[in-house]
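Every read-out reported here was derived from the displayed coordinates using simple, explicitly stated rules and does not represent laboratory data. Fair warning: this is a prediction, and the values are worked out from it, not measured in the lab. Because the Cβ atoms are built from the backbone with ideal geometry, glycine has one as well, and the counts that use them run over all protein chains shown.
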Amino acid sequence: MKERELRQKEIRALVRTFAIKKQSDLVERLQKKGFDCTQATVSRDINDMGLRKLPRGGYVLAEDLHLQRMVRDLVVSITSTGNLLLVKAQAGTAPGVAAALDDAKLIDVLGSVSGDDTILVVCEDDETAQLLNDTLSMYRGGK
């Protein structure tokens with residue numbers, strides 16, 4: 001895999017995991033992960049990847065923007081236990097939120113099952129479930 005592809009894969013993971021508000025924060029985190037990059041390089045990556053800035057200032061992946069809006073507007077609560085996540089949504093909206101979760105193709109998320117107002121998300125492991133919990137909480141405005 002090329003350096004650029006590896007760096008962009010790491011950017012994708014960082015943006016989904018942390019509330020990255022500035023390019024310099026992203027550069028710093030990438031450098032800590034061993035990537036030799038400058039702010040100009042990261043700026044090009046941001047443009048190439050179609051990253052968008054949320055009103056609160058954090059970056060979100062273009063493919064996650066729909067998920068972010070759905071979570072912000074429709075999700076009531078998020079609870080994780082082990083490798084499972086229980087997402088409560090407004091009545092009648094869980095299937096749409098679950099579809100947005102599935103469409104985002106999140107790494108190590110195996111799938112989801114929804115009812116009317118509840119979604120069960122199955123993750124590869126406990127750590128992935130906690131990271132997804134943190135990401136969805138950030139999308140709701142809780143981080």
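Which length gain, in nm to one decimal place, applies between ASP36 and GLN8 when the Cα-Cα distance is subtracted from 0.36 nm times their residue separation? Present the calculation step by step, with values, prior to reporting the outcome.
Working: separation 28, 0.36 × 28 = 10.08 nm, distance 1.28 nm.
Gain on stretching ASP36 to GLN8: 8.8 nm.
Explain nothing, just the number: dipole magnitude of the chain about its Cα centre with +1 on each Lys and Arg Cβ and -1 on each Asp and Glu Cβ, in debye rounded to the nearest 20.
Working: 21 positive and 21 negative charges, 147 e Å.
That gives the chain a dipole magnitude of about 700 debye.
Specify the angular offset, from 0 to 90 degrees and rounded to the nearest 10, of the alpha carbon long axis of helix 3-17 from the longest principal axis of the alpha carbons in the chain.
Tilt relative to the chain: about 40 degrees.
Any idea what angle helix 126-140 forms with the longest principal axis of the chain, computed on alpha-carbon atoms, 0 to 90 degrees, nearest 10?
90
Taking the Cα atoms only, what angle lies between the long axis of helix 23-32 and the longest principal axis of the chain, rounded to 10 degrees?
The two axes meet at around 80 degrees.
Starting from the Cα of THR79, step 7 Å along the direction of its Cβ; do the same at GLU63; then give the gap between the two resulting points in nm.
Distance between label points: 3.1 nm.
If you bin the C-alpha pair distances of the chain every 5 Å from 0, what whole percents do you get?
Reading the bins upward from 0: 2, 10, 20, 22, 18, 14, 8, 5, 1, 0.
Between GLY58 and residues 5 or more places away or on another chain, which pairs have amide H atoms under 5 Å apart, with H built 1.01 Å from N, and which residues are they?
For GLY58, whose amide H was placed from the backbone, there are no distant partners under 5 Å.
List the lysines whose Cα lies under 19 Å from the Cα of LYS33, skipping any in the same chain that are fewer than 8 positions away.
LYS2, LYS9, LYS21, LYS22
Can you give the FRET efficiency for LEU120 and ALA91, using 1/(1 + (r/R0)^6), R0 = 25 Å, r = Cβ-Cβ distance, to the nearest 0.05? Please report the intermediate quantities before stating the final value.
Working: r = 17 Å, r/R0 = 0.67.
The calculated FRET efficiency here is 0.90.
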